[in-house]
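Bear in mind these aren't lab numbers, they're just calculated from the coordinates by the rules spelled out. Just so it is clear, the structure is predicted and the values come from calculations on it, not from any experiment. Reconstructed Cβ throughout: ideal geometry from the backbone, glycine too, with neighbour counts over all protein chains shown.
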């Protein structure tokens with residue numbers, strides 16, 4: 001349903017997206033994960049015909065987004081990071097206006113409005129001005145608006161940004177239901193690890209405009225090993241454990257006062273790790289073992305350094 005090949009986009013000297021490719025099958029959920037300024041919004045703007053790539057191509061359900069943008073726009077729905085609701089219209093009026101833009105017949109427009117209001121549980125608030133809505137209600141109304149046209153592909157740019165945990169969970173459930181009940185293909189951008197891990201069939205991690213890792217959440221997490229062992233101690237500068245190159249070690253990350261080791265069969269290796277550190281004169285202050293998370297994968301492939309966001313990408 002979505003096929004992007006070697007997308008590149010620059011703004012003057014700034015390369016916002018560099019050689020990004022991704023494929024999303026029918027009724028799949030794909031999460032494009034990355035820090036702020038990584039290139040997520042630029043990528044989704046190219047996928048939804050709002051930007052033309054400098055090079056590369058986009059096809060949505062077989063339609064070329066550059067040469068046939070109207071054909072693409074007829075089959076997609078989009079919600080953006082920034083809320084774009086007219087606060088002087090009621091929720092029902094916002095939906096009616098959207099239906100008119102898409103030339104829905106009056107009877108069908110009324111039917112669709114009632115359907116999507118019920119879906120996002122806004123029926124009782126439909127005739128209130130959207131300026132009185134909470135952030136969560138506005139997000140749900142925006143979702144309802146793009147669902148009115150029964151899109152084959154739904155693009156969600158940071159769909160739960162600024163929402164509290166309850167409303168985030170609610171939006172997550174809507175997205176899962178759309179896939180299971182309607183066979184809808186969904187691509188969402190996010191910088192929330194739990195969102196990508198909970199929703200996505202496939203996760204693509206983008207950083208500095210480039211795709212740095214891609215796979216199922218389980219496969220990405222599994223690449224770090226079956227366990228993370230974290231050791232707090234006063235390590236000497238430049239300390240590197242002798243077991244770092246062992247076959248059962250998947251990664252070693254040394255930070256001031258903390259050594260994190262990705263291992264296969266973590267419980268079996270605990271004794272070896274402790275004995276090696278004691279032999280090296282390291283006094284262990286604390287040691288713990290956890291299962292890696294998608295957040296650990298993210299830090300592993302993007303690094304820990306803060307970076308300036310620059311232009312919104």
Any hit, region 174-181, residues being in a loop (DSSP other than H, G, I, E, B) and either closer than 20 Å to residue 40 by Cα or free of Cβ contacts under 8 Å to residues at least 60 places away in the same chain (or both): no
Qualifying residues in region 227-242 (those that are surrounded by fewer than 18 Cβ atoms within 10 Å (Cβ to Cβ) and touching a strand residue (DSSP E or B) at 6+ places or on another chain (Cβ under 8 Å)) - the one nearest to residue 302 (Cα to Cα): 230
Residue satisfying condition, being surrounded by fewer than 19 Cβ atoms within 10 Å (Cβ to Cβ) and in contact (Cβ under 8 Å) with a residue 60 or more places away in the chain, within set 219, 210: 210
